Each structure stands twice: as structure tokens, then as C-alpha cells.
Amino acid sequence: MRSFRLPMVRVRIFAAALLALAGACSRREPPTQPPQPPVPVALAQATQRPVERFLTVSGSLLAKEQTPVSARVAGRIQSLPADLGSRVQAGQLLAELEPRDFELRVQQSRALLGQARARLGLPLDGDDDTVSLDDTSLVKEAQAVLAQAAGDRERVLQLNRQGIASASDLESANAAFTVAQSRHADALEEARTRAAVLRQRRAEYELARKQLADTRITAPFDGVVSERLANLGQHIELGAPIFTLVQADPLRLRLEIPERDAPRVAAGQPVRLRLTGDTNVYHGTIRRLSPALIEASRMLVVEADVPANGALRPGAFVRSEIVIDPAQTAVTVPSDALQTFAGVEKVFLFEAGKAVERRVTTGDRGAGWIEITTGLKGGESVIRAPAGLVQGRAVVLQSSTNAPSSR
């Protein structure tokens, strides 16, 4: 039994020694690491500067005026002085129809007009159709007969009173006077009818002359022929289009503004626009706004006038910027003061020799600067190029000779 218990005592003594050694090790303090040296940094001040506010929208260029030029009479095309791409002025001849049929109609209507004038005692030719009905021969004759019948009746009436003329003579005189009155009324009615016919003949004559003039199809405004729709010798019907004419300077820039931005847009605001593949910037001005939103899309249609400048054409798709406010004050910092990680934007401020992290929200950007909309005030100092900095890291200002400029 003694030989068995002695090894057990030794095991216990060895375990106690191990526990004492472990306790001594756990009480040993960890080695201290040397402090990190301060990071030299350069500062820049958050400044307030005027920032242009603009609204970016897409749109299309349209012709200021665009209309089909149609035939006002039916006929066969005799000549086509204009063609695709022709620049024309208002009133310039674009096409001409064969005029012979219309010339004959003018001659016919002129003859009928002369006949109507002659029936009222006017010269065959002339532009003044004014006539007094009492001066026409028809009415004058009736007036003379009426005057004679009135005189005869008056004389018979006096003789009847004297007992010389019989009652039958008086009745005959009264009947003749009544007939003369009726003929005078008929003459006046006939004269009015002839005057009405004269007006009708005048209208027919003027219409024939207008139809003859309409065989010459002219430009309604200054513009460029964008499409030719008829050929020489072709017979066209009334109203058939022959050309499409556009007025391409200035152009209409049509834009659709979302409902949320519609209150910010007003007439007179400048617009910048760019074409795909063109580095030039073109300028225009908002001139027209729709009084209502499009019900289906909730968009506001606005139009700007844009000088063509030779490079802009109707139908082009453009990217536009409507300048809402040319100089709104905003807080800005240098571009290299912003740090972005996992979608979080932040800057570092210099406070008591340490870097202090500040989350911010950015807005517009320009050459070398970024707008800070929230999280920073004007006049606060931010650290430039803060790559590698963390919250609370010791920093020291660079010497003025090595510090980058804050401008």
C-alpha cells in the first residue's frame, strides 16, 4: 500500500506546481507597444461660394414652324421651281399648275358680270357696282307711268266733282293708277333682283380670279423645303400636299419636366444643350410653358427658342440643362477632402491634435470642389487627403511650405 500512495503524492505536488506557474504567467502584464507618431496633414476651410443650380432633362429639337404646302385647286403640275433643301422666302413660287382652264373661267365670269352690269345701266367694265335703283331705266319707266296715272286720276276726279266726268270714268282712272302702282313696285323688285345678280356675278368673277391665282403655290413663310411630295406633270386634287416647309431658325426645344420640378421652371430661364457626339454647348431661353401637366405622365411641357447656328437640326435628341438659379450660396470643400467608403461619405476635422470623423451629404461638384449640403458649416477646417485616417488618430499640421493650397 505504501508503494502505491507515494506516486500519487508526487503527482499532486507536480500539479500544484503547474498551477502556481500558470498563475504567475497570467499575472504578467502584456508588452506595451510604442505610440504611433502623429500623421502630418494639411487643412482647408469649408467656404461658401455661389453655385449654379440647374435641372438636367432630355428633349427634342423641333422646327419653329412646320406645315405641308398644299394645292388650293385641283390641276396638273406645270412647274416645280423648288425642291428638297431649297431655301425660300415668304411669297416665293414653289409650284405652278396649268392655268388655262382657270383663265377660261375668268373670261366666262367676266362676261356674265358685264351682262349683269348692263342690265342695271352700268358700263360693261368697272369695279364700282354701286347703283341707285331709282335711276335704272326699268324703274324710271314705271315711275313715269305711275305719275301719268296719278295725274289722270286727279283730273277725272275734279271733272267728276264738276259733274262732267261720269262715275265709270273715275273708276277707270282709279284702276289705271292702281295698275301703275303695282308695275312700279314690280320694277323696283326687278331692279333689286338685278342688283343681287350683279353681286353674285361679281363674287363669281372674284372667285375665278382667286382660283387662277391659286394655280401659283407660294411659300407661306421663310423656310426650307424638307420634303417634296409631288412630281412634275402629276395631277393633284384639292388639298393634296406638294411640299413640307419648315422654319428652322430659331428652333423649338421641347422638354418634359417632372411634376416635382415643374414649380422651379419659369419663362426667361437660360438653357444649355448638347448633342450626342458634339462637344459644343448651345444656348437658348425658355419661352413657353404649358398651362397644365400631361395627365398620363404628370409631366410639364416647356419650349425654348434656340438659334440654329448651322449645326442644329429639327428632330435631334439633346441633353439640356435649365439654369434654375445662377448663383445660389453653398458650402464647399476641396475635392480631395472627401472620403467615401461603402457608400458612406465623410470628412475629417482637425480638433485638439486629432482627426475627428464627420459624416456629410454632398451635392453639386465642380472643378476641384464638392458641395456639402448637410453635416458641415462654412468656416470649419477639414483635413485634405485623409486616406488612412481613422477616428481619433493623432495628426499634426504640415509646415506652411509643404501644405497644399486650400484654393
Self-check item: Selected from Gln211, Gln115, Gln36 as most flexible by GNM, with the chain as the system and alpha-carbon contacts under 10 Å
Solution: Gln36
Quiz item: Could you work out the helix-only [θ] at 222 nm for the chain, with each DSSP H run of four or more residues adding -39,500 (n - 2.57) and the total divided by the number of residues, to the nearest 500 deg cm²/dmol?
Solution: -10500 deg cm²/dmol
Exercise. Using the Cα centre as the reference, give the magnitude of the dipole from point charges on the C-beta atoms of the chain (Lys, Arg: +1; Asp, Glu: -1; all else neutral), rounded to the nearest 20 debye.
Key: 3920 debye
Quiz prompt | Selected from Thr47, Tyr205, Phe243, residue furthest toward positive end of dipole (the chain; charges at beta carbon) | solution = Thr47
Quiz item: What ranking do Phe177, Phe54, Phe221 get, fewest neighbouring Cβ atoms within 10 angstrom at the top?
Solution: Phe221, Phe54, Phe177
Practice problem: With a/c under 1.5 counting as rounded, go ahead and sort segment 100-213 into rounded, prolate or oblate using the C-alpha gyration tensor (a ≥ b ≥ c being the square roots of the eigenvalues; past the cut-off, prolate if a/b is larger than b/c, else oblate). | Solution: prolate
Exercise. Grab the beta carbon distance between Gln148 and Thr193, set R0 = 25 Å, and tell me the FRET efficiency rounded to 0.05.
Key: 0.50
Quiz item: Please state the relative contact order of segment 100-213 as a whole percent: Cα pairs under 8 Å, 6+ residues apart?
Solution: 42 percent
Quiz item: Ranked by Cβ crowding within 10 angstrom, fewest neighbours first, how are Thr332, Thr193 ordered?
Solution: Thr193, Thr332
Quiz item: Tally Lys/Arg at +1 and Asp/Glu at -1 over every other residue whose Cβ is under 11 Å from the Cβ of Pro99; what's the total?
Solution: -1
Quiz item: Around Ile242, which amide H atoms from residues at least 5 apart in sequence, or from another chain, sit under 5 Å from its own amide H, with H modelled in the peptide plane?
Solution: Val69, Ser70, Ala71
Quiz item: Given the C-alpha centroids of segment 97-138 and segment 159-236, what is the distance between them in whole angstrom?
Solution: 10 Å
Quiz item: In which sequence would Arg194, Arg53 go, from the one with the fewest C-beta neighbours within 10 Å to the one with the most?
Solution: Arg53, Arg194
Quiz item: All other residues with a Cβ under 14 Å from the Cβ of Val197 taken together, and with Lys, Arg as +1 and Asp, Glu as -1, what is their net charge?
Solution: +3
Quiz item: Of Glu321, Glu256, Glu380, which has the largest mean-square fluctuation in a 10 Å C-alpha GNM of the chain?
Solution: Glu380
Quiz item: Normalised by the number of residues in the chain, what is the relative contact order in percent for Cα pairs under 8 Å and 6+ residues apart?
Solution: 28 percent
Self-check item: Of Val131, Val306, Val73, the one that fluctuates the most in a GNM where the chain has Cα springs shorter than 10 Å
Solution: Val131
Quiz item: How large is Rg/Rh for the chain, to two decimals, with Cα atoms and a Kirkwood Rh?
Solution: 1.54
Quiz prompt | Charge sum, other residues only, whose C-beta stays under 13 Å from Gln391's C-beta, Lys/Arg counted +1 and Asp/Glu -1 | solution = +3
Exercise. Report the full-extension gain for the segment Val39 to Arg272: residue separation times 0.36 nm, less the Cα-Cα distance, to one decimal in nm.
Key: 79.4 nm
Quiz item: Stretch Thr56-Ser297 to full length: gain in nm at 0.36 nm per residue minus the Cα-Cα span?
Solution: 85.0 nm
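Every number here is computed from the coordinates shown, using simple stated rules; none is lab data. Just so it is clear, the model here is predicted, and its values are computed rather than measured. When we count neighbours, we look across all protein chains shown, and the Cβ atoms used for this are built from the backbone with ideal geometry, even at glycine.
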